[in-house]
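The values are calculated or read from the model by the stated rules, or taken from the named source; none is laboratory data. Please read these numbers as outputs of a predicted model, since none were measured by experiment. Please note: Cβ atoms are built from the backbone with ideal geometry, for glycine as well, and neighbour counts cover all protein chains shown.
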Amino acid sequence: MANKIKRICVFCGSNPGNDPQYLQSAEALAKAIVARGYEVVYGGAEVGLMGKIADTALAAGGHVVGVMPKALIEKEIEHKGLSELHEVSSMHERKALMADLSDGFIALPGGVGTLEEIFEIWTWAQLGHHDKPLAFMNIAGFYDPLCAFLDHQSSEGFVRKEHRNMAIVDPDANVILDAFEVYEAPVVQKWVERDET
């Protein structure tokens with residue numbers, strides 16, 4: 001299969017987190033994306049892991065696209081040195097545009113917003129609205145408790161195993177990007193069970 005990846009969307013915290021590994025891994029991810037000739041799409045902020053992704057990619061000569069609602073721009077936290085900054089009217093519009101602009105999605109550590117963003121992308125994939133890969137970059141075991149719960153959802157019959165396995169989970173940026181380049185979405189119905197009558 002020909003590699004369809006051109007832009008990688010990164011969801012991550014607007015805070016740096018407590019472990020220095022989070023910032024280090026954001027830097028490693030940005031460098032890995034640019035080294036493969038891909039562009040970065042992200043939320044447009046200059047703070048936290050978001051700012052580290054943008055600063056590192058730009059310093060490496062990469063193209064960085066930010067997408068930010070007007071209300072956040074007015075609080076002056078947008079990154080002013082981006083290759084492109086798209087101003088949108090709402091968080092819903094932000095997510096839709098980021099999804100349209102991107103060919104794969106990676107969640108670094110982050111808060112509720114990061115989870116909401118990657119889970120919406122995952123839901124759309126499960127429903128067959130797109131066939132793009134998604135991943136959790138599991139720095140220092142950050143996503144281990146979440147993965148345990150996701151496995152529990154699947155074992156309890158609420159998520160098909162094929163859909164659970166859509167999410168790539170790894171701490172290494174290059175392992176994730178390698179998987180993206182050969183990813184093929186599963187073709188399965190959404191329902192774990194369905195009455196055929």
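Across region 141-162, the qualifying residues are those that are among the charged types (D, E, K, R) and part of a loop (DSSP other than H, G, I, E, B), and the one among them that is modelled with the highest pLDDT is Glu156. Can you spot a residue in region 127-144 that is buried (at least 16 other Cβ atoms within 10 Å of the Cβ), more than 21 Å from Val41 (Cα to Cα) and touching a strand residue (DSSP E or B) at 6+ places or on another chain (Cβ under 7 Å)? Checked against the condition, which is being buried (at least 16 other Cβ atoms within 10 Å of the Cβ), more than 21 Å from Val41 (Cα to Cα) and touching a strand residue (DSSP E or B) at 6+ places or on another chain (Cβ under 7 Å), region 127-144 yields at least one hit.
A Cβ distance below 9 Å, combined with a sequence gap of six or more or placement on separate chains, defines the contacts here; from region 6-19, residues that are farther than 18 Å from Leu115 by Cα reach residues that are polar (S, T, N, Q) and not in a strand (DSSP E or B) in the pairs Lys6/Ser102; Arg7/Ser102. Looking at region 1-69, the strands (runs of 3 or more DSSP E) lying wholly inside it that each contain 1 or more residues that are over 16 Å from Gly104 (Cα atoms) sit at 64-69. Being within 25 Å of Trp122 (Cβ to Cβ) and either surrounded by fewer than 16 Cβ atoms within 10 Å (Cβ to Cβ) or at pLDDT 95 or above (or both) is a description that does not apply to Val47. If you scan region 18-40, which residues turn out to be touching a Gly at 6+ places or on another chain (Cβ under 8 Å) and not hydroxyl-bearing (Ser, Thr, Tyr)? Listed by number, the residues that qualify are Leu23, Ala30, Ile33, Val34, Glu39, Val40. When Ile168, Ile121, Ile106, Ile176 are checked against the criterion of being in contact with a Phe, Trp or Tyr (Cβ under 8 Å, 6 or more places away or on another chain) and either surrounded by fewer than 20 Cβ atoms within 10 Å (Cβ to Cβ) or over 23 Å from Met68 (Cα atoms) (or both), a single residue qualifies: Ile168.
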